[in-house]
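A.B. asks: Take a look at this one; I'll ask things after.
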Amino acid sequence: MAGIILRNLTKSYGKGEPVLEGINLEVHDQEFMVLVGPSGCGKSTILRVVSGLEDIDDGEILIDDRVVNDVPPRDRDIAMVFQSYALYPHMTVYENIAFGLRVRKHPKEKIDGLVREAADTLSLSSMLEKRPGQLSGGERQRVALGRAIVRKPKVFLFDEPLSNLDAKLRVQMRAEISALHERLRITTLYVTHDQVEAMTMGERITVLRDGLVQQVDKPMGLYSNPANRFVGEFIGSPPMNVLPARWTGTELQVGESRIPSTPETITLLANHVGREVFVGVRPELVEIQSEGEGLPARVELVEPMGGESNIYLTMGGRRLIARVDGLPSLRMGDDVRIRMPAGQAHFFDHETERRII
């Protein structure tokens with residue numbers, strides 16, 4: 001078992017803008033760490049430099065307290081699972097799982113024991129004589145996992161392994177990978193662009209943007225206390241409503257509407273009187289009423305999701321989303337009143353977009 005430490009990691013391609021800029025990150029021994037962010041943020045590049053498939057311009061990479069900057073990939077004791085299954089189509093499941101062990105010239109008896117142990121762990125024992133073309137997408141991904149775990153590495157690296165699967169299989173494989181980690185407790189660095197995947201799988205999550213670490217925290221820490229506007233909007237589905245507002249000292253002015261304050265809000269925004277701020281409210285906290293007190297808004301779309309619904313609204317030219325239980329009797333064009341509790345809102349500085357604390 002081993003931890004991973006990245007110190008001041010910098011990486012550029014040619015003379016272009018840096019892909020990674022001074023990345024500092026520690027993945028604890030046996031931890032399941034997820035890297036998440038939009039396309040081009042540098043998350044897959046981090047995996048590639050940790051694995052040794054790419055060189056870095058500056059900084060240090062440590063695995064199990066050993067600097068591995070100049071260590072070849074095969075000697076870093078890592079196993080990587082890619083977005084594509086990368087299975088050999090002419091080989092059986094057994095041969096695909098055993099391939100890496102055979103290349104490393106393990107004894108035949110040891111290979112057989114390790115392959116069958118991995119197959120049993122992944123419920124592949126009945127498929128060992130099949131070829132990849134006879135398997136479903138989820139079964140192929142389990143074979144790719146088997147090829148990785150059979151080596152018993154110090155570190156697992158996953159590069160968006162579920163993105164080629166349909167929605168139902170993604171949910172199933174999320175559960176299987178999480179359960180596998182609980183059994184094996186091998187240090188894991190997992191890359192995804194899907195924040196739902198990140199929230200449901202990660203023990204901790206690193207949010208990246210433009211080659212920079214935005215925040216590292218447990219899933220609910222990111223959700224409840226985002227470090228900046230980007231994290232607040234990126235983590236959560238539907239995303240956080242973020243509206244520009246002016247703080248008068250007693251209330252928030254959002255366009256022509258006003259949100260009443262609380263004593264906590266007055267204290268929090270004491271240094272922002274008369275200034276622009278961003279106010280963030282999670283969709284589940286937006287209350288909708290057909291009449292009475294509240295801010296005037298109009299229904300633009302009702303999106304039924306089964307046990308709950310997403311209601312898309314406009315308020316003074318601003319768009320926002322409410323999440324409500326069940327299927328409300330609302331239609332496109334309905335005029336409603338909404339309430340957004342200032343006491344449970346998040347506030348971000350208008351210039352830096354950092355959380356105001």
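A.B. asks: Semi-axes, largest first, in whole Å: what does sqrt of 5 times each Cα gyration tensor eigenvalue give for segment 183-298?
C.D. replies: Computed over segment 183-298, the values are 33, 17, 12 Å.
A.B. asks: Sort segment 287-328 into rounded, prolate or oblate with this rule: let a ≥ b ≥ c be the square roots of the eigenvalues of the Cα gyration tensor; rounded if a/c is under 1.5, and if a/c is not under 1.5, prolate when a/b is larger than b/c, oblate otherwise.
C.D. replies: Cα axes put segment 287-328 in the oblate bin.
A.B. asks: Could I ask something else about it? Report, in whole Å, the centroid distance computed from the Cα atoms of segment 224-238 and segment 65-121.
C.D. replies: Between the Cα centre of segment 224-238 and that of segment 65-121, the gap is 38 Å.
A.B. asks: Another question, then. For the chain, what % of the accessible area comes from carbon and sulfur atoms, probe 1.4 Å?
C.D. replies: Here carbon and sulfur together make up 47 percent of the probe-accessible area.
A.B. asks: On full extension of the chain, what length is gained from residue 172 through residue 7, given 0.36 nm per residue of separation minus the C-alpha to C-alpha distance?
C.D. replies: Extra length from residue 172 to residue 7 when fully extended: 55.9 nm.
A.B. asks: Here is a follow-up. Computed over the Cα atoms, what is the radius of gyration of segment 89-134 divided by 2.2 N^0.38 Å, N being its residue count?
C.D. replies: Dividing the Cα radius of gyration by 2.2 N^0.38 Å gives 1.09.
A.B. asks: Between the alpha-carbon centers of segment 317-357 and segment 129-151, tell me the distance in whole angstrom.
C.D. replies: 45 Å
A.B. asks: Something else about it: Would you rank 33, 80 by solvent-accessible area, highest first, keeping every protein chain in place and using a 1.4 Å probe?
C.D. replies: Sorted descending by solvent-accessible area, the residues read 80, 33.
A.B. asks: If R₀ is 56 angstrom, what is the calculated FRET efficiency for the pair residue 357 and residue 136, using the beta carbon separation as r and rounding to 0.05?
C.D. replies: 0.70
A.B. asks: Report, as a whole number in µm² per second, the diffusion coefficient that Stokes-Einstein gives for the chain at 10 °C and 1.306 mPa s using the Kirkwood radius over alpha carbon pairs.
C.D. replies: The diffusion coefficient I find is 69 µm²/s.
A.B. asks: Okay, next question. Whole angstrom only: what separates the Cα centroid of segment 14-41 from the Cα centroid of segment 265-301?
C.D. replies: 34 Å
A.B. asks: Starting from the Cα gyration tensor of segment 88-194, take the square roots of the eigenvalues, sort them a ≥ b ≥ c, and report rounded, prolate or oblate (rounded when a/c is under 1.5, otherwise prolate if a/b is larger than b/c, else oblate).
C.D. replies: oblate
A.B. asks: Can you tell me, using C-alpha contacts under 8 Å and at least 6 residues apart, the relative contact order of segment 218-357 as a whole percent?
C.D. replies: 27 percent
A.B. asks: Now for a separate question. Please compute the alpha carbon radius of gyration of segment 246-347, then divide it by the globular-protein estimate 2.2 N^0.38 Å. Two decimals is fine.
C.D. replies: 1.12
A.B. asks: Cα-Cα over 29 Å: which of 43/130; 11/168; 43/152; 105/218; 105/154?
C.D. replies: Pairs exceeding the cut-off: 43/130; 11/168; 105/218.
A.B. asks: Just reorder 319, 104 by solvent-accessible area, largest first, 1.4 Å probe, all chains present.
C.D. replies: 319, 104
A.B. asks: How high is the relative contact order of the chain? Use alpha-carbon pairs under 8 Å, at least six apart in sequence, and give a whole percent.
C.D. replies: 16 percent
A.B. asks: Same structure again: Take every DSSP beta bridge with both residues inside the chain and express the antiparallel ones as a percent of the total, to the nearest 5.
C.D. replies: 75 percent
A.B. asks: If 352, 45, 267 are ordered by their accessible area, calculated over protein heavy atoms with a 1.4 Å probe, which sequence runs from highest to lowest?
C.D. replies: 267, 352, 45
A.B. asks: So with the 1.4 Å probe, I'd like the accessible area per residue for segment 25-140, rounded to whole Å².
C.D. replies: Computed with neighbouring chains in place, this is 50 Å² per residue.
A.B. asks: Something else: Given a Förster radius of 51 Å and the C-beta distance between residue 75 and residue 305 as r, what FRET efficiency does 1/(1 + (r/R0)^6) yield to the nearest 0.05?
C.D. replies: In this case the efficiency is close to 0.55.
A.B. asks: Just how large is the dipole of the chain about the Cα centre, in debye to the nearest 20, putting +1 at every Lys and Arg Cβ and -1 at every Asp and Glu Cβ?
C.D. replies: 980 debye
A.B. asks: What does the extension gain come out to for residue 318 and residue 275, with contour length at 0.36 nm per residue minus their alpha carbon separation?
C.D. replies: 13.6 nm
The values are calculated or read from the model by the stated rules, or taken from the named source; none is laboratory data. A quick note: this is a predicted structure, and the numbers were derived from the prediction, not measured. Cβ sites come from the backbone with ideal geometry, for glycine too, and all protein chains shown count toward neighbours. Protein only, heavy atoms only, side chains kept; ligands, DNA and RNA dropped before computing areas. Shrake-Rupley method; radii C 1.70, N 1.55, O 1.52, S 1.80 Å.
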